[in-house]
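Working notes, structure below.
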Amino acid sequence: MNLIRNYRNWRRYRDTVSELSRLSNRELNDLGIARGDIPFVARKAV
């Protein structure tokens, strides 16, 4: 079960990074996220 949970968490992290990376700098700024903070924000989402 750990393997499945880890895989799902990794997918959620990857999907979050991908979605946030598609946003423009202005859209990220509106959300209060700097482009360099995307990995940190994605880790918190998992």
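Some notes on this structure:
- Listed by position, the helices (runs of 4 or more DSSP H) contained in the chain that have at least 1 residues being hydroxyl-bearing (Ser, Thr, Tyr) and surrounded by 13 or more Cβ atoms within 10 Å (Cβ to Cβ) are 2-22.
- Among (1) at pLDDT below 95; (2) under 15 Å from the mean Cα position of the chain (by Cα), the one test that VAL17 misses: (1)
The values are calculated or read from the model by the stated rules, or taken from the named source; none is laboratory data. If you're wondering where the values come from, they're calculated on a predicted model, not measured in any experiment. Positions of Cβ are backbone-derived with ideal geometry, glycine not excepted, and every protein chain shown enters the neighbour counts.
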